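Each remark here refers to the structure printed beneath this line.
The values are calculated or read from the model by the stated rules, or taken from the named source; none is laboratory data. In this text the structure is predicted, and so the values were computed from the model without any measurement. Every residue, glycine among them, receives a Cβ derived from its backbone with ideal geometry; neighbour counts consider all protein chains shown. All accessible areas refer to the heavy atoms of the entire protein, side chains included, with ligands and DNA or RNA removed. Shrake-Rupley method; radii C 1.70, N 1.55, O 1.52, S 1.80 Å.
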Amino acid sequence: ARCQDLGVADRDYFQRLRDHPDDPVRLYGPVPSRTDGRPALLLARALRLTDGRFAGVAVAVLPMERLRPLVAAANLGPGGSVSLRTAELVTILRQPEFTGPDADAAARRISDTLRSAIVASPVEGVYTAVIPSDGIERLAMYRRLERYPLYWFEGRAIGDILADSRIQ
């Protein structure tokens, strides 16, 4: 169909898998989709001929627009946040979104507190931290997704938690 004639030999994932065809399925992106130019995540693995030689890549494209409703649906209070991060902890999606001239840097910033939490408990955990991008202290939880190399993060502002407990 329309994807058969699209070249991907210049893409990082193609070059990585060409040089390391035994790599497991891995997540790449977000990258602009070659079919429509919109941001997408890619799951890719190498294809091999029967004699073991590299034969190309198999790619599953997950448009970012499909993930946005999941992140937007979280209701964690006025100071809350939710994010989806790669296994390398780069933010893919966040609500509220990072804005301003440093948005890309903010998406790649990983606090020492977060790094320590992941090292101590790589599958799931809870930690408290002040988020540099907005200065809000949050109680955050994370969980690594079972089938994909992604982390789901949810955080509630400490002030929101305390306000809720005073009401009750």
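Points worth noting:
- Total residues in region 69-109, condition in a strand (DSSP E or B) and open to solvent by less than 70 Å² (accessible area, probe 1.4 Å): 10
Each row is one residue, and each column tells you yes or no for (1) within 21 Å of R38 (Cα to Cα); (2) in contact with an Asp or Glu (Cβ under 6 Å, 6 or more places away or on another chain); (3) of a type in the set (A, V, I, L, M); (4) in a helix (DSSP H, G or I).
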{"site": "A129", "(1), (2), (3), (4)": "no, no, yes, no"}
{"site": "R147", "(1), (2), (3), (4)": "no, no, no, no"}
{"site": "F153", "(1), (2), (3), (4)": "no, no, no, no"}
{"site": "L162", "(1), (2), (3), (4)": "no, no, yes, yes"}
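- Within region 115-168, being open to solvent by less than 50 Å² (accessible area, probe 1.4 Å), under 19 Å from the mean Cα position of the chain (by Cα) and of a type in the set (G, A, S) holds for A117, S121, G125, A140, G155.
- Checked against the criterion of being loosely packed, with under 13 Cβ neighbours inside 10 Å and not small (G, A, S), the candidates R34, R45, R66 yield just one match: R66.
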